[in-house]
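**Q** A single structure is presented below for examination.
The values are calculated or read from the model by the stated rules, or taken from the named source; none is laboratory data. Being a predicted model, the structure only gives us computed values, none of them experimental. Glycine gets a Cβ as well: all are built from the backbone with ideal geometry, and neighbour counts include every protein chain shown. Protein only, heavy atoms only, side chains kept; ligands, DNA and RNA dropped before computing areas. Shrake-Rupley method; radii C 1.70, N 1.55, O 1.52, S 1.80 Å.
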Amino acid sequence: MRDREYLEHHLGTLTTTGGTDLGSTTAVAPEVLKRARQRIDVDDLYAAVLANDRPKLARAITLLESTSPAHRELAQELLVRLLPKSGNALRVGITGVPGVGKSTFIETLGMKLIGEGHRVAVVAIDPSSTKTRGSILGDKTRMARLSKEDSAFIRPSPSAGTLGGVAKATREAIVVFEAAGYDIILVETVGVGQSEVAVHQMVDCFTFLALAGAGDQLQGIKKGVLEMADIVAINKADGPNEKLAKRAARDLAAAMRMVRSQDELWHPPTLTMSAVEGSGVDEFWGYVMDHHEVMQREGLFEDRRRQQQIGWMWAMVHETIRLRLDNDAAVKTTSAAMERQLREGTTTPTLAAQRILAAFDGG
């Protein structure tokens, strides 16, 4: 099933009159949706994205990130129209512990790719505060050179507490960038938490960056990152760290042999590099191309994309259920009572959860 057919099957059909049946997360009053349409012109955003109008491109992604029910309706309209124009970029995910040098590496890689004639989009996910829900969003500052290039677009996005360090609209942002003509999408993830591997479900090549002497090989096995990594790179392999990095690369290569099947068609390489000096970046991109060639030759590329579509569907199901739960009037009333009883010690978390779900089900 093609991308457009797939999304329309699960979200409804986009009508030619501007009306939708896109499975909104909550009921949107017609007058609310009408006011939203007066402020947001989906036709204009669609044309602007295809023309790579940078300010409106950013506005389109902001619409996709919005949690407003009316905005979500309009966002899905835009997404359905953009999907047939997407899918032609190479998507590379880059993860690693904080401080490993992901932003520096992406800037060096991005400058190299732009020099070769590519158009590069970077989706940089920043961790959100669990208290204020805010994010610093400082990736444009950390990628100062790349952010000035006309052939590059850096989009910092807050994770907003999403598991896997991936913003809720990351998949949708990828679609927008591809429709705008960017042929390489780099997704920089937060690099924290055991569910970081969620990024693997939306990219074609998954890269794990590590540091020498930081215990990354053991942590990688613990998190399952090495089981999914297509390329492993030891960064900051310069100066006195060079020997340590080579030793760490050997250790990680041994770890990879323990956690990966020898029957796999692609055996993930382990290399050392220095993003600051630029050494090893060409070798890294060579491995990305080799991996892409193997995946296409063996018919695994399209299969991986199809599996990602299924993962996208279930992510949307879970997110929609969560939003409906949060906005249900009966749930709000019941949850307030359950929280009070929990503080008083007159019920248990399990019973409270059951009552909230019963309220959600209309029981």
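**Q** Residues of segment 337-358 being more than 33 Å from the chain's Cα centre (by Cα), part of a helix (DSSP H, G or I) and either within 23 Å of Pro69 (Cα to Cα) or β-branched (Val, Ile, Thr) (or both), which ones?
**A** Hits for segment 337-358: nothing passes.
**Q** Hey, does segment 245-260 have a residue that's open to solvent by 50 Å² or more (accessible area, probe 1.4 Å) and under 26 Å from the mean Cα position of the chain (by Cα)?
**A** Kept after step one, since they are open to solvent by 50 Å² or more (accessible area, probe 1.4 Å), are these residues of segment 245-260: 246-247, 250-251, 257-258.
If we keep only those that are under 26 Å from the mean Cα position of the chain (by Cα) as well, we get none.
Scanning segment 245-260 turns up no residue that is open to solvent by 50 Å² or more (accessible area, probe 1.4 Å) and under 26 Å from the mean Cα position of the chain (by Cα).
**Q** Return the residues of segment 274-285 that are open to solvent by less than 30 Å² (accessible area, probe 1.4 Å) and part of a helix (DSSP H, G or I); say none if nothing qualifies.
**A** Val281, Phe284, Trp285, listed by residue number.
**Q** Which count do you get for residues in segment 241-270 that are assigned to a helix (DSSP H, G or I), closer than 30 Å to Arg297 by Cα and of a type outside the set (A, V, I, L, M)? Talk me through it step by step, then tell me what you get.
**A** Of segment 241-270, the ones assigned to a helix (DSSP H, G or I) are 241-259.
Now drop any that are not closer than 30 Å to Arg297 by Cα, which leaves 249-250, 252-259.
In the following step, the residues that additionally are of a type outside the set (A, V, I, L, M) were identified as 250, 257.
Summing the residues that are assigned to a helix (DSSP H, G or I), closer than 30 Å to Arg297 by Cα and of a type outside the set (A, V, I, L, M) in segment 241-270 gives 2.
**Q** Inside segment 83-103, can you point out the residues that are crowded, with 23+ Cβ neighbours inside 10 Å and part of a helix (DSSP H, G or I)?
**A** Result: Lys102, single match.
Residues checked against (1) touching a helix residue (DSSP H, G or I) at 6+ places or on another chain (Cβ under 8 Å); (2) closer than 27 Å to Thr207 by Cβ:
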| residue | (1), (2) |
| --- | --- |
| Ala58 | no, yes |
| Ala70 | yes, no |
| Leu78 | yes, no |
| Val97 | yes, yes |
| Ser103 | yes, yes |
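**Q** Next up: When the residues of segment 261-273 are filtered to those that are without any contact (Cβ under 8 Å) to a residue 24 or more places away in the chain and among the polar types (S, T, N, Q), which remaining residue is least open to solvent (accessible area, probe 1.4 Å)?
**A** Within segment 261-273, the first condition is being without any contact (Cβ under 8 Å) to a residue 24 or more places away in the chain, and the residues that meet it are 261-264, 267.
Add one more test, that the residue is among the polar types (S, T, N, Q), and what stays is 261-262.
Details: Ser261: 56, Gln262: 113 Å².
So, considering only residues that are without any contact (Cβ under 8 Å) to a residue 24 or more places away in the chain and among the polar types (S, T, N, Q), the one least open to solvent (accessible area, probe 1.4 Å) is Ser261.
**Q** Six or more apart or on different chains, Cβ atoms under 9 Å: show the pairs whose first residue is in segment 339-362 and over 21 Å from Leu323 (Cβ atoms) and whose second is at pLDDT 95 or above and hydrophobic (A, V, I, L, M, F, W, C).
**A** These pairs meet every condition: Gln341/Leu351; Gln341/Ala352; Leu342/Ala352; Thr347/Met338; Thr348/Leu342; Pro349/Met338; Pro349/Leu342; Leu351/Met338.
**Q** Under the condition of being within 17 Å of Arg304 (Cβ to Cβ) and either within 12 Å of the chain's Cα centre (by Cα) or part of a loop (DSSP other than H, G, I, E, B) (or both), which residue from segment 228-240 is modelled with the lowest pLDDT? Even if it seems obvious, please write down each step before you answer.
**A** As a first pass, look at segment 228-240 and keep what is within 17 Å of Arg304 (Cβ to Cβ): 228-231.
Now drop any that are not either within 12 Å of the chain's Cα centre (by Cα) or part of a loop (DSSP other than H, G, I, E, B) (or both), which leaves 229-230.
On the way: Ala229: 88, Asp230: 93.
By that ranking, first place goes to Ala229.
**Q** Here is a follow-up. Select from segment 310-338 the residues that are open to solvent by 70 Å² or more (accessible area, probe 1.4 Å) and either in contact with a helix residue (DSSP H, G or I) (Cβ under 8 Å, 6 or more places away or on another chain) or in contact (Cβ under 8 Å) with a residue 60 or more places away in the chain (or both) and list them in ascending order. I'd like the intermediate steps shown before the answer.
**A** Filtering segment 310-338 down to residues open to solvent by 70 Å² or more (accessible area, probe 1.4 Å) leaves 310, 314, 318, 321-322, 324, 326-327, 329, 332-333.
Selection gives Arg324, Asn327, Thr333.
**Q** Considering Arg54, Arg39, which residue is touching a residue at least 60 places away in the same chain (Cβ under 8 Å) and over 24 Å from Glu302 (Cα atoms)? Break it down stepwise before answering.
**A** On the way: Arg39 fails: touching a residue at least 60 places away in the same chain (Cβ under 8 Å).
Just a single option satisfies the conditions, and that option is Arg54.
**Q** With respect to the numbered conditions (1) surrounded by 13 or more Cβ atoms within 10 Å (Cβ to Cβ); (2) over 30 Å from Ala212 (Cα atoms); (3) in contact (Cβ under 8 Å) with a residue 24 or more places away in the chain; (4) more than 23 Å from the chain's Cα centre (by Cα), which one is the sole condition not fulfilled by Glu298?
**A** (1)
**Q** I'd like the residue in segment 168-227 that is at pLDDT 80 or above, within 25 Å of Thr62 (Cα to Cα) and assigned to a loop (DSSP other than H, G, I, E, B) and, out of all such residues, is most open to solvent (accessible area, probe 1.4 Å).
**A** Within segment 168-227, the subset at pLDDT 80 or above is 170-189, 200-212, 227.
Still in the list and also within 25 Å of Thr62 (Cα to Cα): 170-189, 200-204.
Narrowing further to those that are assigned to a loop (DSSP other than H, G, I, E, B): 180-183, 189, 203-204.
On the way: Ala180: 5, Gly181: 36, Tyr182: 4, Asp183: 52, Thr189: 2, Val203: 0, Asp204: 6 Å².
Here the residue is Asp183.
Rundown of residues vs (1) among the hydroxyl-bearing types (Ser, Thr, Tyr); (2) modelled with pLDDT under 90; (3) in a helix (DSSP H, G or I), yes/no style:
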{"position": "Met1", "(1), (2), (3)": "no, yes, no"}
{"position": "His10", "(1), (2), (3)": "no, yes, yes"}
{"position": "Asp44", "(1), (2), (3)": "no, no, yes"}
{"position": "Leu57", "(1), (2), (3)": "no, no, yes"}
{"position": "Thr62", "(1), (2), (3)": "yes, no, yes"}
{"position": "Arg72", "(1), (2), (3)": "no, yes, yes"}
{"position": "Leu78", "(1), (2), (3)": "no, no, yes"}
{"position": "Thr108", "(1), (2), (3)": "yes, no, yes"}
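**Q** OK, next. Looking only at segment 59-79, how many residues end up being under 20 Å from Lys34 (Cβ atoms) and crowded, with 18+ Cβ neighbours inside 10 Å?
**A** 11
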